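Quick notes on the structure that follows.
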Amino acid sequence: MRLVLLGPPGAGKGTQAARLVERHGVPQLSTGDMLRAAVAAKTPLGLKAKEIMDAGRLVPDEVVIGLIDERLNSPDCAKGFILDGFPRTVAQAEALQQLLDRRGLALDAVLELAVDEGALVDRMRRRVDETVAAGGEVRADDNPESFRTRVEAYRAQTAPVSAHYAGRSQLTKIDGMAPIDEVTAAIDRALSAAVSRG
Ligand code: ADP
């Protein structure tokens, strides 16, 4: 199963991706996680990406396209994958198409978790509180100012990606305001429909 999860920061992509990993046995490819790993390891890429990410802006397309290109070669991607946080620009969506074409692969579905923008900041705050309560490390970009930049980047650069897939009749919208289990059930239904459409 090859799937793209779209949705603004705080939409619940990570939560749903983790459930899909468990249910379908395919890896979650999160460019955000890959970049945070590079930042933590202080690789040359991580050192360059850190400032951009902390501010809530997008890192250059070629950087994340390179990460995904390399990751798709891993044996664990042979059965499929869940792309979480990629593609985030139309240029990335076009590059993804080329990466898949080159491998003779196609996406089964593109799912967008639709959430009211007004709910996003509250979700981010809750995540910060939960992380602090659990003794974890709060993401540097989970502060009000960077979060606002992330939502703006989503609106300007990623919302057109939804339109891109909608124009190709590949997009399914899921109500991301519903309770977590209901979102999971709606995703399952959308995937069954996509698979039976072939
Ligand atoms: P969220 O979905 O909560 O905003 P992510 O973990 O997906 O968080 O991304 C965190 C940051 O990593 C983004 O704000 C951006 O700086 C960078 N990033 C992740 N994926 C991409 C991408 N596909 N293109 C450009 N930048 C990205």
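The values are calculated or read from the model by the stated rules, or taken from the named source; none is laboratory data. Keep in mind that this is a model prediction, so the values were computed, not measured. Cβ atoms come from the backbone with ideal geometry, glycine included; neighbour counts cover every protein chain shown. With ligands, DNA and RNA removed, areas are computed over all heavy atoms of the protein, side chains included. Shrake-Rupley method; radii C 1.70, N 1.55, O 1.52, S 1.80 Å.
Couple of notes before you dig in:
- Under the Debye formula (equal points on every Cα, no solvent term), log10 I(q)/I(0) of the chain at q = 0.11, 0.14, 0.19 Å⁻¹: -0.49, -0.82, -1.61
- Per residue, the chain exposes 52 Å² of solvent-accessible protein surface, assessed with a 1.4 angstrom probe and all protein chains in place.
- Value in Å of the Kirkwood radius, where region 1-86 supplies the Cα pairs that are averaged: 13.5 Å
- Comparing mean-square fluctuations of Ala114, Ala163, Ala40 from a GNM of the chain with C-alpha springs under 10 Å, the top value falls on Ala40.
- Out of every Cα-Cα pair that region 107-198 contains, those further apart than 16 angstrom amount to 65 percent.
- Computed [θ] at 222 nm, helices only, for the chain once each DSSP H run of length n ≥ 4 contributes -39500 (n - 2.57): -17500 deg cm²/dmol
- Point-charge dipole on Cβ atoms (K/R +1, D/E -1) for the chain, about Cα centre, debye to 20: 320 debye
- Heavy-atom accessible surface of the chain: percent carbon and sulfur, 1.4 Å: 51 percent
- Cα centroid separation, region 129-173 to region 27-78: 16 Å.
- Candidates per trypsin sites (Lys or Arg not before Pro) in region 67-123, loop by DSSP, up to 16 other Cβ within 10 Å: Lys79, Arg103
- Sparsely packed loop sites in region 139-198 (the trypsin sites (Lys or Arg not before Pro) outside DSSP H, G, I, E and B with at most 16 other Cβ atoms within 10 Å) comprise Arg168.
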